[in-house]
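A short write-up of the structure that comes next.
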Amino acid sequence: MVEATGHVGMLIVASGVLHEGDITPEKSLKAIDPAALAQLFAVNAVGPALVAKHFMGLLPLSGRSTFAAISARVGSIEDNRLGGWYGYRASKAALNQLIRTFAIELKRSRPEAVALALHPGTVATELSKPFRSHGAAGTFSPSEAASDLLAVIGKASADQSGQLLAWDGSRIPF
Ligand SMILES: NC(=O)c1ccc[n+]([C@@H]2O[C@H](COP(=O)([O-])OP(=O)(O)OC[C@H]3O[C@@H](n4cnc5c(N)ncnc54)[C@H](OP(=O)(O)O)[C@@H]3O)[C@@H](O)[C@H]2O)c1
């Protein structure tokens with residue numbers, strides 16, 4: 001159906017899971033559960049990879065196009081100082097690697113295309129609700145986060161393809 005409308009200039013994958021049902025972020029290794037890990041990887045890493053797989057052919061061969069997936073700063077291995085949240089961190093790290101690998105492949109056929117992993121900051125959604133204090137400073141509304149991320153996507157250049165960028169455009173190390 002999308003194919004019939006022509007090329008896709010911008011695609012944003014905003015799905016993700018941190019907690020659902022019996023799944024809660026692990027505080028220690030003892031809490032690791034294989035089914036929960038598999039679910040986090042399925043939603044946070046495999047899902048966006050499949051979207052990339054099926055939509056890559058619809059990105060134009062020439063001219064700028066963007067593919068972005070919402071990742072998270074906690075997926076940065078270098079930035080991991082607090083520990084915990086094994087499954088969420090690892091599945092977002094996997095997403096970052098998938099995006100990086102996708103960006104390299106994308107460049108071969110679509111040199112002006114940009115593939116990004118994005119960190120939206122802390123956003124007042126159901127996902128973050130159990131882990132933020134009410135009205136905490138530095139928490140964005142969903143519309144603020146969307147506007148920030150659209151600005152980052154709009155400004156990103158082809159040589160930034162494959163990077164993990166934060167809501168303010170700064171690069172987060174993998
Ligand atoms: N909120 C934050 O502070 C924060 C911080 C860093 C990164 N992020 C990332 O930002 C992205 C958006 O999260 P959010 O804060 O907007 O959380 P949210 O309100 O809980 O939204 C999560 C989204 O993921 C979809 N989803 C969940 N499980 C799914 C599944 N099994 N299959 C398909 N779709 C599924 C949901 O679809 P339904 O509505 O249909 O359930 C919903 O659209 C996520 O990737 C999250 O990791 C959020």
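Rule-based calculations on the coordinates, nothing more; no lab input. Just so you know, these numbers come straight off a predicted model, no measurement behind them. Don't worry about glycine lacking a Cβ; one is built from the backbone with ideal geometry, like all the others, and counts go over all protein chains shown.
Once backbone amide H atoms are built at 1.01 Å from N, Gly84 has no partners under 5 Å, excluding neighbours fewer than 5 places away on the same chain. The HN-Hα couplings worked out from phi for region 26-38 by the Karplus form 6.51 cos²θ - 1.76 cosθ + 1.60 (θ = phi - 60°) are 6, 8, 8, 4, 4, 8, 5, 10, x, 5, 5, 4, 4 Hz, whole numbers, x standing for Gly and Pro. Phi-derived couplings, Karplus 6.51 cos²θ - 1.76 cosθ + 1.60 at θ = phi - 60°, listed residue by residue for region 162-173: x, 8, 9, 10, 8, 4, 9, x, 6, 8, 9, x Hz, with x used for Gly and Pro. Partners of Lys129 within straight-line reach, counting lysines whose Cα lies under 25 Å from its Cα and excluding those fewer than 8 residues away in the same chain: Lys27, Lys30, Lys92. Site pair Ala151 and Ala137 shows an inter-label distance of 2.0 nm when each label is modelled 7 Å from Cα along Cα→Cβ. Considering only Phe140, Ile172, Leu150, the residue lying farthest towards the positive end of the dipole of region 129-173 is Phe140, judged by Cα position with unit charges set on Cβ. Would you work out the relative contact order for region 3-172, in percent, from Cα pairs under 8 angstrom that are 6 or more residues apart? In percent, rounded to a whole number, it is 24. Proximity of backbone amide H atoms, modeled 1.01 Å from N, is registered between Ser65 and Ala113, Val114 at under 5 Å, excluding neighbours fewer than 5 places apart on the same chain.
Where only DSSP H runs of four or more residues are counted, the chain gives -10000 deg cm²/dmol as its mean residue ellipticity at 222 nm, each run worth -39500 (n - 2.57).
Taking other C-beta atoms within 10 angstrom as a stand-in for reagent exposure, Ile77, Ile153 fall in the order Ile77, Ile153, fewest first.
The residues Ser147, Ser91, Ser128, when put in order of fewest to most other Cβ atoms within 10 Å, stand as Ser147, Ser128, Ser91.
For Thr125, no residue has an amide H sitting under 5 Å from its own, ignoring neighbours fewer than 5 places away on the same chain, with H placed 1.01 Å from N. Among beta bridges identified by DSSP and lying wholly in region 3-172, the antiparallel ones come to about 15 percent. The relative contact order of region 101-150, computed from alpha carbon pairs under 8 Å that lie at least 6 residues apart in sequence, is 35 percent.
If each residue's Cβ is checked for other Cβ atoms within 10 Å, how do Val114, Val46, Val2 rank with the fewest at the top? Each step should come with its number before you reach the end.
Numbers: Val114 24, Val46 15, Val2 11.
Ranked by crowding around the Cβ, least crowded first: Val2, Val46, Val114.
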